Every structure is written in C-alpha cells, then in structure tokens.
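The values are calculated or read from the model by the stated rules, or taken from the named source; none is laboratory data. Every value quoted in this text rests on a predicted model; they were computed, and no experiment measured them. Counting neighbours? That spans all protein chains shown, and the Cβs are built from the backbone with ideal geometry, glycine included. These accessible areas exclude ligands, DNA and RNA; they are computed on the full protein's heavy atoms, side chains included. Shrake-Rupley method; radii C 1.70, N 1.55, O 1.52, S 1.80 Å.
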Amino acid sequence: MSVRSFHRARLLLALTTALAGVVTVASPAAADPNGTSASSRPLATAFDTAAARYDVPRDLLVALGYAESRLDMHRGAPSAAGGYGLMHLASNTQVHTLEEAATLTRLTPGALRAEPAANVLGAAAVLRSYADQAGLTDVARDDVNGWYGPVARYGGATEPSVARLYADTVYDLLRAGFTSTRGETVVGRAVAPRRGGLERAAVLGGIGTLSTDYGPAAWAPASTSNYTVASRPGSHPVTRIVIHMTQGSYAGAIGWFQNPAAQSSAHYTFRSSDGAVTQSVREKDIAWHAGNWTYNTGSIGIEHEGYVDNPAWFTDAMYRASAVLTRSLATKYGIPKDRAHIIGHAEVPSASHTDPGPNWNWTYYLQLVNGITGIGSGTVSTSASTLNVRSGPGASFPVVGSVADGATVAIYCQAVGSTVTGPYGTTSVWDRIGTNRYVSDAYLLTGYDGYIPNVPRC
C-alpha cells in the first residue's frame, strides 16, 4: 500500500471511531519473524484496530481474508461475484455485505471497496452484527469456536453444504496456520467449531455427494437458471476444454453458480490448496462459462480458484489435479491434448475475460496433461547453513525463503534461468520446489546432470 493510501486509511479509521464515539484499544502485537512489531505494518494495524473495535477474534478475521483473497486488494477490481477487497465485501443479488458494512461503519461504499483498512473494518463490523444476531454474548465472543455461524453467513451461500465448505475453509486455516505474502502470520491451533445446524450438512466430497461423471469430484449443482440442459455429446460434439480462473474463492465460486442471478456456471472448479474438485454442471449439459454460445455448446469449462494477478494461487496441487481431469476428458471425448483444443477463456472469440492470465503456466500444464507427471527429488548442498529460495528461476528474483543444507526437497518441474555455479557445476537449470519457490540445480544432488527424466519443464 502506498504511504498516501495508508494515511487515507488511517484518517478513515479515525473518523469512523470519532463518529461512533468509542475508544479503540489496540490488541497485543503478534510476533514478527523479522523482529518488528506486527502492528507497525499498515495491514497488521488494520486488523488490530478492526478486531479491537468490533470485538472479533483477530486471527479469525485474518483467516477469513486469507481464504477470500490471500489478503490481496486486486487493485480494486471486483470478483466474479461482485466482491471487493481483501475481505471480499460483496454486492450482488444475494449477498450485500458491502452495503451492510457501509451502514454499520458510516464509511462510503467507495472507501470500503478501495481502502484496505476500511475494507477490513467493514468486514469486522458485518461479522460482529451477525454475531449479535446469533446471540453471542461478551464471553461467547472470546471463543473463536462460537463464530462458525457468523462466518458461514458471511460467505453468503444458500445451500448448507456450500455454507459449511466456506466456514470449514476458514477454520481449517486457523487449525493449520499460515503466513501470507503480505507478512501476516496466523499460528496454528486446535479448533473445535460449533457448527450448529450445519453439522448435519453434507461435507462436499463425502459419501452421497460425489459426481457421477468424474469420481474424485464432489457434486454441488448449479442453479438451473445458469446452464442449459442438453444430451451431449449426442446433441453437441465436445471438442474443447476451456481453462478459467474463478476470480474469487473456491467456496465462493461454487456458491455463485447456485445463485439464479449469476447467469454463469462451469462444469468443474478446483481448489488451490489441495486440488480438491467440485462439479456444478453435468458434462452432458451446457455450462455458461465461455461467453460464446458456440464455444459453450462444444466445450467443458474448468474453473481454478484464485485471481489472475496473484500467482500464489497457482499451486502444483491444483495444476496436477486439474491436469488429471483434463487428460480424462480429452480421452473420453477424443479431444487432442494440445493448445489448439485446450484453451484459456481469453482465447474464446469476443471474450471479455483475461483468465487464466499470464501467471498460468501452459507449458507445465500441457506436459502434465500429456502424462509427463514425475516429481523428482534432490539433496541440498551449500557451504552456508541454508540455501536461498527465490520466487522465480534466477538470481535476480526476490528471496522468499530458505532450505537447510542437507535437506531433501521435492522437484515439481524444472526451468531455464540465470546461470549459477555451485557444488554440482555450472548450470542454467532451476528447480521448482513449491509454488513460486525455486533453487538452482547447481546446489541440488538429484542423481542427474541437469534435467530429470519425466519431470516437467516449467
């Protein structure tokens, strides 16, 4: 965030506090791995302030934002479901958290959409209002497990299994812990959410909710207002597969397809974190995903959780799970496994969308689709105690972490980058050991000189 934007956000917070006539008490600063107070960072301050003012558990607020956006404002652009900002304040026919936030905070919709601190404050206000309506007392609000109902309501899903999926995602993040690229850290802890009536809701992927078209997929049908019933491939030959990004969260996309006003759907949607998949439209039917009727009638639409402008969503788990489905579909319908028939939404004639965007790695994906699916391994050898991990295949990319000398790492794909000299010679090969995490092959003992057989190229 720019300094100017931060000052505007601080001003908004001060004005809001003054209007409400309350005193904001800062919550204790979380420990920062770089040695600075977490609350010295603008985003951390925004979460501290919002959590304290509305008596919402701070880590719950951060986890909800991380589930929605990876704490990214996306330059103010809305999600596919009309949600804004890192907390996804939404304004559509079904969800009105943006308007609710404006009423509760007295901030303008424009500020809530564009200012990170205001966006966080608005989400906290909405969650607190839901907690009040659910009867959470002062004491009950101190227990994060009691917030399950308000969190599920915030997601806006009307179908219980999708509402549970949304809230479970937030609590799973609390359980596992995470560190965002924005510097926010939530330490994992034991959680036992009180789901209330949603305890009886089907768990997507559980017995009785599986797809009949594709075994690994859960089944969460889209509204009948969002697709066309057909009898493909008899009625319409299936000749293409179209790759999309949801421009929103996994649960949010599935819920959006169930909104009759959405006027859009896809056959399948993949989750970023683990490659889980849900089907919303039967393959025989025509999903409304491409914005072009001819392409809709002759294709399968596959959504992937995330936003085109944030590569953190593009995980190996999602790539590999999606490629297995695409390979299966291509075999089933006789679709060639090439870029002429497996295309991005942006390549559909007259398309107004840019997904899957420049961060989608077509080389890697098509190799996976065509069966080049190996995962290599290597042992780190460095004269220092640790080896720097970079965000891309080259020494000029930012350092995003480190691995210890002697550690064994998985290698998902290999790319050409800057030339480096290390214990195993001089090479321009870089090994991807995680999402946007690369190390030079010169520092890894892989058993091969350079490229590893059957490991894809990045």
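A few comments on the model shown:
- Scanning region 265-288 for residues that are within 12 Å of the chain's Cα centre (by Cα) and either of a type in the set (Asp, Glu) or over 15 Å from residue 318 (Cα atoms) (or both) yields one hit, 274.
- Considering 431, 355, the condition of being assigned to a strand (DSSP E or B) and of a type in the set (Asp, Glu) is satisfied by 431 alone.
- Selection of first residues in region 338-363 that are free of Cβ contacts under 8 Å to residues at least 24 places away in the same chain and of second residues that are assigned to a loop (DSSP other than H, G, I, E, B), restricted to Cβ pairs under 8 Å at least 6 apart or on distinct chains, gives the following pairs, ordered by first then second residue: 346/353; 346/354; 346/355; 346/356; 346/357; 362/339.
- For residue 77: the one exception among (1) small (Gly, Ala, Ser); (2) open to solvent by 30 Å² or more (accessible area, probe 1.4 Å); (3) in contact with a Ser or Thr (Cβ under 8 Å, 6 or more places away or on another chain): (3)
- Residue selected from region 366-402 under the condition in contact with a helix residue (DSSP H, G or I) (Cβ under 9 Å, 6 or more places away or on another chain) and in a strand (DSSP E or B), by the criterion nearest to residue 447 (Cα to Cα): 378
- Residue match in region 281-288 (condition: touching an Asp or Glu at 6+ places or on another chain (Cβ under 9 Å) and of a type in the set (A, V, I, L, M)): no
- Residues that are among the hydroxyl-bearing types (Ser, Thr, Tyr) and more than 24 Å from the chain's Cα centre (by Cα) within region 96-117 comprise 103, 105, 108, listed in sequence order.
- Complete set of residues in region 364-390 that are polar (S, T, N, Q) and either without any contact (Cβ under 8 Å) to a residue 24 or more places away in the chain or surrounded by fewer than 17 Cβ atoms within 10 Å (Cβ to Cβ) (or both): 370, 373, 377, 379, 381, 383, 385, 386
Here's the yes/no breakdown for (1) more than 17 Å from residue 299 (Cα to Cα); (2) out of contact with any strand residue (DSSP E or B) (no Cβ under 9 Å at 6 or more places or on another chain):
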site: 325; (1), (2): no, no
site: 329; (1), (2): no, no
site: 338; (1), (2): no, yes
site: 345; (1), (2): no, no
site: 348; (1), (2): no, no
site: 357; (1), (2): yes, no
site: 365; (1), (2): yes, no
site: 378; (1), (2): yes, no
site: 381; (1), (2): yes, no
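- Members of region 87-101 found to be open to solvent by 20 Å² or more (accessible area, probe 1.4 Å) and not β-branched (Val, Ile, Thr), listed by number: 88, 91, 92, 94, 96, 99, 100
- Checked against (1) in a helix (DSSP H, G or I); (2) among the β-branched types (Val, Ile, Thr); (3) more than 19 Å from the chain's Cα centre (by Cα), residue 93 meets all criteria but (1).
- Cβ-Cβ distances below 7 Å connect the following pairs, each with a first residue in region 182-194 that is without any contact (Cβ under 8 Å) to a residue 60 or more places away in the chain, a second residue that is surrounded by 16 or more Cβ atoms within 10 Å (Cβ to Cβ) and hydroxyl-bearing (Ser, Thr, Tyr), and a separation of six or more residues or different chains: 191/171; 193/148; 193/171; 194/148.
Matching residues to (1) closer than 28 Å to residue 433 by Cβ; (2) open to solvent by less than 30 Å² (accessible area, probe 1.4 Å); (3) of a type outside the set (Ser, Thr, Tyr):
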{"position": "249", "(1), (2), (3)": "yes, yes, no"}
{"position": "256", "(1), (2), (3)": "no, no, yes"}
{"position": "305", "(1), (2), (3)": "yes, yes, yes"}
{"position": "326", "(1), (2), (3)": "yes, yes, no"}
{"position": "337", "(1), (2), (3)": "yes, no, yes"}
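- Any chance residue 143 is open to solvent by less than 70 Å² (accessible area, probe 1.4 Å), under 21 Å from residue 65 (Cβ atoms) and either without any contact (Cβ under 8 Å) to a residue 12 or more places away in the chain or in contact with a Lys or Arg (Cβ under 6 Å, 6 or more places away or on another chain) (or both): yes
- Just so you know, in region 339-348 the residues that are out of contact with any Ser or Thr (no Cβ under 8 Å at 6 or more places or on another chain) and part of a loop (DSSP other than H, G, I, E, B) include one that is surrounded by the most Cβ atoms within 10 Å (Cβ to Cβ), and it is 348.
- Single match in 262, 251, 222 (criterion: touching a residue at least 24 places away in the same chain (Cβ under 8 Å), touching a strand residue (DSSP E or B) at 6+ places or on another chain (Cβ under 8 Å) and within 30 Å of residue 73 (Cα to Cα)): 222
- Qualifying residue in region 439-453 (condition: under 30 Å from residue 334 (Cβ atoms) and surrounded by fewer than 17 Cβ atoms within 10 Å (Cβ to Cβ)): yes
- Flag if residue 112 is in contact with a strand residue (DSSP E or B) (Cβ under 6 Å, 6 or more places away or on another chain), part of a helix (DSSP H, G or I), of a type outside the set (Asp, Glu) and open to solvent by less than 30 Å² (accessible area, probe 1.4 Å): yes
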